[in-house]
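The values are calculated or read from the model by the stated rules, or taken from the named source; none is laboratory data. Predicted model, so just to flag it, every value in this text is computed and none were measured. All Cβ positions, glycine included, derive from the backbone under ideal geometry; neighbour counts span all protein chains shown.
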Amino acid sequence: MTENPLFAPGFSTAPYWWEAAQPVPRSNGLPEQAAVAIVGGGYAGLSAALTLCRLGHRPVVLDAERIGWGASSRNGGMVSGGLKVLGKTLGGKLAPEKIQAITAAAAASFPFLEELLAREGIDCDYRRSGRFNPAYTPRHYAAQAARAPKLAEITGMPVYMVPRERQHEALGSDHYFGGMVTEASGSLHPGKYARGLAEAAERAGALLVDETRVQGIRREGSGFRLATSRGEIRADAVLVTTNGYSKQPDGGSAMPWLAKRMIPVGSYIIATEELPAETIDRLFPGRRMVGDSKRVLNYFRPAPDSNRVLWGGRASFSPTTPEQAAPVLHRMMREVFPELGSVKLTHSWTGNVAFTFDFLPHIGVEEGIHYAAGCQGSGVAMASWLGHNVALKLAGAANQRFALDGLPFPTPPGYGGTPWFLPFVGGWYRLRDKIDRMMAA
Ligand SMILES: Cc1cc2nc3c(=O)[nH]c(=O)nc-3n(C[C@H](O)[C@H](O)[C@H](O)COP(=O)(O)OP(=O)(O)OC[C@H]3O[C@@H](n4cnc5c(N)ncnc54)[C@H](O)[C@@H]3O)c2cc1C
């Protein structure tokens, strides 16, 4: 594609995952009527559809692109079981009983996902691999050590520290100051999971309609009318799960209220060419998932279906291309694994994650329209879990209130869904990472 010497022949800017599981086209037409119309065919929308089917409803899932095209077939495939939420809320300012409820609800996303994969027989290379969080500074290590017992209590699985002198037992690198292993974590092939979840929803009775962009939702009698790029559809209930794609590049949105509460952030991943299996086993003992403790984090892993390193991070906070992001990520990878200095890249791609202004995922209802969104870049388990819970609520089948339901959902005055401030905030976070590291030297 380009002459860059880092790029292997056939270099592609499509996700590596699409080699084995590209989102497939569907030929379903737009029906005139739906009991529930779900806008967004990622993990959240598909999981909601599956649960609604199990409860006897027949939802229609609409996606502007192919089903599974968004973050759900582009992510790192690390199943973190809500640990990001746990980290945030443990250090946050919420009332203790609220923190307890949210942490329990977040932790429950991990067993939920494992159970869902097993029950539906979704073949997506899932492994309970565990996760290693290397510490970027000694202070980060100390903070992790202080947090580890609580995490073990919440997840009900071992969490333990690996000091710097034994770091090679967890990661083949001298770049970090030790780190924390969390067993309540897994890994999967996100493309296969998106495809398998879509097939499970279809088998259960959901109608999946792709290439159909929802342009507006308005009330009509006791239900709603949705204007789409392929005509109109009437629905008794509507669920919006557009997450990091809630605001379109042309400024449009299926649900502007939700777009105003999302901070879409581009995340980038590169895939290396195939390496010897021994190299992968030395760099990733136990083939765990890895996410470091920086504010602007690196996340990396071995591929589940080949001996490649997949390296992800925020290559840029300004609009950029996967081709431009690739050398930046390659440099970050070399800092941690110097022996990969001359390794070439076969893929570099991007996708949007969605942050929220309170750093929490949300489900809820606004003017009768349900939503589930905002997984802070950690949504393989969480988006699936939010979808399930919002479906229970929608169907009136929830036994108790979900802790992430109906929380205040902040947005600053004047914000319309385009995060113009990201280059400044991202630059500030990067600077603080650098300062922390300099102080640690
Ligand atoms: C590069 C990257 C790496 C990541 N790594 C990890 C990881 O390792 N572990 C982890 O847990 N999480 C990770 N995430 C986050 C995770 O992928 C997301 O949290 C999760 O996939 C969100 O699922 P979703 O269904 O909410 O949204 P999405 O999968 O993004 O789906 C939203 C869908 O809405 C559709 N849409 C938008 N507007 C409209 C409209 N108007 N009409 C119809 N359809 C519309 C889009 O086409 C899209 O398909 C990563 C994300 C990215 C991008």
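Residues of the stretch 213-229 that are in a loop (DSSP other than H, G, I, E, B) and surrounded by 14 or more Cβ atoms within 10 Å (Cβ to Cβ): ARG213 alone.
Condition first: of a type in the set (A, V, I, L, M), away from the ligand (no atom under 16 Å from the Cβ) and either out of contact with any helix residue (DSSP H, G or I) (no Cβ under 6 Å at 6 or more places or on another chain) or without any contact (Cβ under 8 Å) to a residue 12 or more places away in the chain (or both). Can you find one or more residues in the stretch 358-365 that meet it? Scanning the stretch 358-365 turns up at least one residue that is of a type in the set (A, V, I, L, M), away from the ligand (no atom under 16 Å from the Cβ) and either out of contact with any helix residue (DSSP H, G or I) (no Cβ under 6 Å at 6 or more places or on another chain) or without any contact (Cβ under 8 Å) to a residue 12 or more places away in the chain (or both). Condition check for PHE359 on (1) farther than 24 Å from PRO134 by Cα; (2) hydrophobic (A, V, I, L, M, F, W, C); (3) modelled with pLDDT under 95: one failure, at (1). Being of a type in the set (Ser, Thr, Tyr), more than 15 Å from the ligand (Cβ to nearest atom), within 17 Å of MET78 (Cα to Cα) and in a loop (DSSP other than H, G, I, E, B): is that true of SER306 here? The answer is yes for SER306. Scanning the stretch 134-181 for residues that are within 26 Å of the chain's Cα centre (by Cα), hydrophobic (A, V, I, L, M, F, W, C) and within 23 Å of GLY341 (Cα to Cα) returns ALA135, ALA170, LEU171. ARG301 satisfies every condition listed in (1) among the charged types (D, E, K, R); (2) within 13 Å of the ligand (Cβ to nearest atom); (3) part of a loop (DSSP other than H, G, I, E, B) except (3). May I ask you to verify whether ALA325 is over 18 Å from PRO15 (Cβ atoms), touching a Ser or Thr at 6+ places or on another chain (Cβ under 7 Å) and within 12 Å of the ligand (Cβ to nearest atom)? No.
Here's the yes/no breakdown for (1) in a loop (DSSP other than H, G, I, E, B); (2) touching a strand residue (DSSP E or B) at 6+ places or on another chain (Cβ under 8 Å); (3) surrounded by 21 or more Cβ atoms within 10 Å (Cβ to Cβ):
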site	(1), (2), (3)
GLY172	yes, no, no
TYR193	no, no, yes
GLY196	no, no, yes
GLU202	no, yes, no
GLU211	yes, no, no
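For first residues located in the stretch 220-239 and without any contact (Cβ under 8 Å) to a residue 40 or more places away in the chain, partners that are basic (Lys, Arg) and surrounded by fewer than 16 Cβ atoms within 10 Å (Cβ to Cβ) and lie 6+ apart or on another chain with Cβ distances below 7 Å form the pairs GLU220/ARG234; GLY223/ARG234; ARG225/ARG218; ARG225/ARG234.
Condition check: surrounded by fewer than 19 Cβ atoms within 10 Å (Cβ to Cβ), under 21 Å from ALA71 (Cα atoms) and of a type in the set (S, T, N, Q). Does THR418 satisfy that? Against the criterion (surrounded by fewer than 19 Cβ atoms within 10 Å (Cβ to Cβ), under 21 Å from ALA71 (Cα atoms) and of a type in the set (S, T, N, Q)), THR418 qualifies. Residue-level analysis places PRO59 outside the set of residues that are modelled with pLDDT of 95 or more, touching a helix residue (DSSP H, G or I) at 6+ places or on another chain (Cβ under 6 Å) and farther than 28 Å from THR241 by Cα.
Within the stretch 371-384, residues that are more than 7 Å from the ligand (Cβ to nearest atom) sit with their Cβ atoms under 9 Å from residues that are at pLDDT below 95 and among the charged types (D, E, K, R), at 6+ positions apart or across chains, in these pairs: GLY374/ASP358; GLN376/LYS84; GLN376/LYS88. For the stretch 7-34, a residue qualifies if it is farther than 17 Å from LYS192 by Cβ and part of a loop (DSSP other than H, G, I, E, B), and the qualifying residues are THR13, PRO25, ARG26, SER27, ASN28, GLY29, LEU30, PRO31, GLU32.
Name every residue in the stretch 98-131 that is buried (at least 17 other Cβ atoms within 10 Å of the Cβ), of a type in the set (Gly, Ala, Ser) and closer than 21 Å to ARG401 by Cβ, in order of residue number. Scanning the stretch 98-131 gives ALA101, ALA105, ALA106, ALA107, ALA108, SER109.
From the list GLU339, GLU273, GLU323, pick out the single residue that is in contact (Cβ under 8 Å) with a residue 60 or more places away in the chain, in contact with a helix residue (DSSP H, G or I) (Cβ under 9 Å, 6 or more places away or on another chain), more than 22 Å from TYR429 (Cβ to Cβ) and surrounded by fewer than 22 Cβ atoms within 10 Å (Cβ to Cβ). Checking each option against the conditions leaves just GLU339. Checking ARG288 against (1) over 30 Å from GLN33 (Cβ atoms); (2) surrounded by fewer than 22 Cβ atoms within 10 Å (Cβ to Cβ); (3) touching a residue at least 24 places away in the same chain (Cβ under 8 Å), which test does it fail? Failed condition: (2). Among residues that are more than 16 Å from the ligand (Cβ to nearest atom) and within 20 Å of GLN248 (Cα to Cα), TYR429 is not included.
For (1) surrounded by fewer than 24 Cβ atoms within 10 Å (Cβ to Cβ); (2) within 11 Å of the ligand (Cβ to nearest atom), each residue gets a yes or a no:
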position: GLY179; (1), (2): no, no
position: SER185; (1), (2): no, yes
position: ALA206; (1), (2): no, no
position: ARG234; (1), (2): yes, no
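Exactly one residue among ALA64, ALA37, ALA106, ALA49 is near the ligand (Cβ under 9 Å from one of its atoms) and either at pLDDT 95 or above or part of a helix (DSSP H, G or I) (or both), and that residue is ALA64. Taken over the stretch 275-298, the criterion of being of a type in the set (A, V, I, L, M) and either within 19 Å of the chain's Cα centre (by Cα) or not in a helix (DSSP H, G or I) (or both) is satisfied by LEU275, MET289, VAL290, VAL296, LEU297.
Output the number of the condition that PRO23 fails; it satisfies all remaining conditions of (1) under 25 Å from MET78 (Cβ atoms); (2) more than 16 Å from the ligand (Cβ to nearest atom); (3) in contact with a helix residue (DSSP H, G or I) (Cβ under 7 Å, 6 or more places away or on another chain). Among (1) under 25 Å from MET78 (Cβ atoms); (2) more than 16 Å from the ligand (Cβ to nearest atom); (3) in contact with a helix residue (DSSP H, G or I) (Cβ under 7 Å, 6 or more places away or on another chain), PRO23 violates only (2).
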